[in-house]
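Here is the structure we will look at, set down as structure tokens.
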């Protein structure tokens with residue numbers, strides 16, 4: 001059992017192990033625990049996989065985990081965390097401004113309270129496969145929402161946009177390009 005939205009690598013592992021996960025609905029705060037009790041009674045899962053930090057999976061290797069433990073024990077983590085939060089908040093805000101300025105009025109989103117992604121809902125009538133191909137030709141990448149739903153139930157009309165990786169100027173350029181593609185439909 002896991003949240004309906006999960007790291008696509010974990011979904012692949014479940015499939016390889018022939019495990020059919022049961023998805024628990026999520027909202028902006030994570031797994032909806034009020035629905036969890038009934039599902040636990042109904043399915044009796046052996047594992048509950050959850051992402052406690054704004055639907056952002058860490059997916060870290062053992063070596064990276066040991067390195068992080070060393071880093072944390074030295075005491076530099078708090079300064080790094082404050083700096084990282086400032087950087088990511090600026091990048092998130094830059095993407096939100098760019099979306100407001102460059103994307104068509106029919107797109108939907110809920111500004112994230114944390115994490116590294118913005119979930120963008122597409123306006124009706126835009127074929128996700130065509131949008132993806134055209135966007136790639138324009139140098140814009142994103143994940144389809146359906147790749148992050150354990151049961152495939154999230155339609156491909158939702159895009160998962162990562163704002164953590166790119167600097168603000170490239171975020172602006174990428175959203176401008178995405179807007180140009182969206183406006184071509």
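Taken together, the values in this text are just the output of simple stated rules run on the coordinates, not laboratory data. Worth saying up front: this structure is predicted, and the values here are computed from it rather than measured. Methodologically, a virtual Cβ is constructed for each residue, glycine included, from the backbone with ideal geometry; neighbour enumeration extends over all protein chains shown.
Using a Gaussian network model of the chain in which every pair of alpha carbons under 10 angstrom is joined by a spring, one finds that among 123, 45, 21 the greatest mean-square fluctuation is at 45.
Of the candidates 48, 36, 131, which one comes out as most mobile in a Gaussian network treatment of the chain with C-alpha springs shorter than 10 Å? Sorting by GNM fluctuation, first place goes to 48.
A protection proxy built from the mean count of other Cβ atoms within 10 Å ranks the segments 157-168, 105-116, most packed first, as 157-168, 105-116.
Model label sites at residue 82 and residue 169, defined 7 Å from Cα along the beta-carbon direction, differ in position by 2.8 nm. With contributions of -39500 (n - 2.57) from each DSSP H run of at least four residues, the per-residue ellipticity at 222 nm computed over the chain stands at -15000 deg cm²/dmol.
Full extension of the chain segment joining residue 27 with residue 15 gains 1.9 nm, where the gain is 0.36 nm per residue of separation less the Cα-Cα distance.
Once C-alpha pairs closer than 8 Å and six or more residues apart are averaged by separation and normalised to the residue number of the chain, the relative contact order reads 26 percent. Mean separation of Cα pairs under 8 Å and 6 or more residues apart, divided by the residue count, gives the stretch 89-162 a relative contact order of 29 percent. Both radii are taken from the alpha-carbon atoms of the chain; with Rh as the Kirkwood radius, Rg/Rh is 1.00.
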